[in-house]
1. Condition first: more than 16 Å from ligand 2 (Cβ to nearest atom), within 23 Å of the chain's Cα centre (by Cα) and part of a strand (DSSP E or B). Can you find one or more residues in the range 96-103 that meet it?
2. What number of residues within the range 176-200 satisfy the criterion of being surrounded by 17 or more Cβ atoms within 10 Å (Cβ to Cβ) and touching a Gly at 6+ places or on another chain (Cβ under 8 Å)?
3. Check A194, A246 and return the single one that is of a type outside the set (K, R), at pLDDT 95 or above and over 24 Å from S149 (Cα atoms).
4. Look through the range 106-133, keep the residues that are among the aliphatic types (A, V, I, L, M) and either surrounded by 13 or more Cβ atoms within 10 Å (Cβ to Cβ) or touching a Lys or Arg at 6+ places or on another chain (Cβ under 7 Å) (or both), and return whichever of them is farthest from V86 (Cα to Cα).
5. Can you run down the residue pairs with Cβ atoms below 8 Å, 6 or more apart or on separate chains, where the first is in the range 83-110 and farther than 20 Å from E33 by Cβ and the partner is more than 15 Å from ligand 3 (Cβ to nearest atom) and among the aromatic types (F, W, Y)?
6. In the range 158-175, which residue that is among the hydroxyl-bearing types (S, T, Y) and surrounded by 21 or more Cβ atoms within 10 Å (Cβ to Cβ) is nearest to S146 (Cα to Cα)?
7. Could you tell me whether any residue of the range 176-184 is out of contact with any helix residue (DSSP H, G or I) (no Cβ under 9 Å at 6 or more places or on another chain), away from ligand 1 (no atom under 12 Å from the Cβ), hydroxyl-bearing (S, T, Y) and not assigned by TED's automatic domain parsing to the domain that holds F307?
8. Taking the range 330-362 as the search range and keeping residues that are assigned to a helix (DSSP H, G or I) and either within 15 Å of ligand 2 (Cβ to nearest atom) or open to solvent by less than 30 Å² (accessible area, probe 1.4 Å) (or both), which one is farthest from Q88 (Cα to Cα)?
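The values are calculated or read from the model by the stated rules, or taken from the named source; none is laboratory data. Predicted model, so just to flag it, every value in this text is computed and none were measured. Note: ideal-geometry Cβ built from the backbone for every residue, glycine included; neighbour counts use all protein chains shown. Surface areas here come from the heavy atoms of the whole protein model, side chains and all, with no ligands, DNA or RNA. Shrake-Rupley method; radii C 1.70, N 1.55, O 1.52, S 1.80 Å.
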Amino acid sequence: MTTTTAPKTYRVKSFGCQMNVYDGDRMGELLTEQGLTAAAEGDDADLVVLNTCHIREKAAEKVYSDIGRLKREDGSAPLIAVAGCVAQAEGEEIMKRAPSVKMVVGPQAYHRLPDMLARANNGERVTDTDMPAETKFDALPKRRRSGTSAFLTVQEGCDKFCTYCVVPYTRGAEISRPYGDLIEEAKRLVDAGAREITLLGQNVNAWTGENAKGQTVGLEGLIREMDALPDLARIRYTTSHPNDMAQGLIDAHGDVGKLMPYLHLPVQSGSDRILRLMNRSHSVESYLAVLDRVRAVRPDIAISGDFIVGFPGESEQDFADTLKIIDQVGYAAAFSFKYSPRPGTPAATMDEQISAEVMDERLKRLQALMIEKQVAFNAASVGKVTDVLVEKRGRQPGQWLGKSPWLQSVHFEGDFAVGDLVRVELVQAGPNSLAGKLI
Ligand code: SAH
Ligand code: SF4
Ligand code: F3S
């Protein structure tokens, strides 16, 4: 085995959910602590970390094509590490199929990257997909950098085992990070410039912990404590499961000023028969009842969701029921996916897999309806006077982009800085953004 020159620059490319993006940031911080620097935009990096997602087929395939394309300008290959959920699920396979990959590291083991890197620099190929008892969070460096809007993983893993989903296998069992650690991390993020924090978890509303008084609290306990951080302006959380929407959290939507009126609450299907096959453990009715309770305390709340079309056995009637719930709820936004059979999940071997043509056709119909709903939601916002959190400059000179409380993109003109909260009137709406006028 040859000794390679130690990498000096790195790039982390994240392909997955927001928690995967959070992990990517943390890996970057870890590498920075090791003396590496982030490669500048457009420059080649000595070390490339592909932080992968396994949720749907294309995600994994993309990894292999990316590995193949990672050549540097001088023709040499960077040191390649594959991290994230594909690494967890297919670590061995990757090592076999892609000899250029020198490190494979799972989502619960990436705090061990420095040690792995030292071994890779000695010419070894290293795999670590353990789910160690020690938590990675304790071993990661303190947060020192943040953008205006920051992610904070509070909960990880999933015990729900929906029959289509790989997350319980790639991320492991549900764990809640301790209250004190999270408040400390939140404070550091705010000190580093965060004005908005989004609390993350595969089942974020299943978070539970012990507050400073020794009381057991749910996610609302964290939210209420963070509400008291003076320089923090906004709190969000995602993704929630309908069955974990406790009354305490719902109440927080009614009286915590910094908690934004937005709830991502996936239902996946509008058919009880399909929900049962999916092992979702809620019905259409119980889902709608949760929304009623949330809207009772916060009538203007924006609801978004995830939908899977073409789950095995989905009939035209089941699909029609999905369209019906979309119509009924009036979603502000939604993510919709064609069902993708994932190896090792129960749904992958169910009878009546749906053809690609039928899935394509259903997805098109669903998305057409969703756009209608999104347009309607945005149009209904015109005339509102609201705060917008400034995020970046727009394409036109003098133009800025930011987010409304309902997570809509808003563009407006004026003289601001990133992180400002500005008061605007929403004057015009399109499907994906709104125009605002300064008050
Ligand atoms: N924990 C979250 C989200 C997990 S993954 C939740 O339960 O809502 C994000 C979304 O990907 C899911 O909500 C689902 O809509 C979609 N998804 C997960 N597995 C999938 C699969 N095998 N095929 C297609 N979409 C899938
Ligand atoms: Fe996957 Fe279901 Fe868990 Fe969400 S709740 S992560 S969809 S198993
Ligand atoms: Fe993908 Fe893993 Fe997130 S599979 S969606 S990166 S938890």
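1. No.
2. Counting residues in the range 176-200 that are surrounded by 17 or more Cβ atoms within 10 Å (Cβ to Cβ) and touching a Gly at 6+ places or on another chain (Cβ under 8 Å) gives 6.
3. On the way: A194 fails: over 24 Å from S149 (Cα atoms).
Unique residue meeting the criteria: A246.
4. The initial filter retains those residues of the range 106-133 that are among the aliphatic types (A, V, I, L, M), namely 109, 113, 116-118, 120, 126, 131, 133.
Cutting the leftovers down to either surrounded by 13 or more Cβ atoms within 10 Å (Cβ to Cβ) or touching a Lys or Arg at 6+ places or on another chain (Cβ under 7 Å) (or both) gives us 109, 113, 116-118, 120, 126, 131.
On the way: A109: 13, L113: 17, M116: 18, L117: 19, A118: 23, A120: 20, V126: 16, M131: 15 Å.
Filtering the range 106-133 for residues that are among the aliphatic types (A, V, I, L, M) and either surrounded by 13 or more Cβ atoms within 10 Å (Cβ to Cβ) or touching a Lys or Arg at 6+ places or on another chain (Cβ under 7 Å) (or both), the one farthest from V86 (Cα to Cα) comes out as A118.
5. Once the first residue is farther than 20 Å from E33 by Cβ and sits in the range 83-110, its partners that are more than 15 Å from ligand 3 (Cβ to nearest atom) and among the aromatic types (F, W, Y) give R97/Y64; A98/Y64.
6. Within the range 158-175, the first condition is being among the hydroxyl-bearing types (S, T, Y), and the residues that meet it are 163-164, 169-170.
With the extra rule that they be surrounded by 21 or more Cβ atoms within 10 Å (Cβ to Cβ), the set shrinks to 164, 170.
On the way: Y164: 35, T170: 27 Å.
Once the filter is applied, the top-ranked residue is T170.
7. no
8. Pass one, the range 330-362, residues assigned to a helix (DSSP H, G or I): 346-349, 356-362.
Okay, now just the ones that are also either within 15 Å of ligand 2 (Cβ to nearest atom) or open to solvent by less than 30 Å² (accessible area, probe 1.4 Å) (or both), so 346-348, 359, 362.
Working: P346: 19, A347: 20, A348: 19, M359: 28, R362: 32 Å.
Once the filter is applied, the top-ranked residue is R362.
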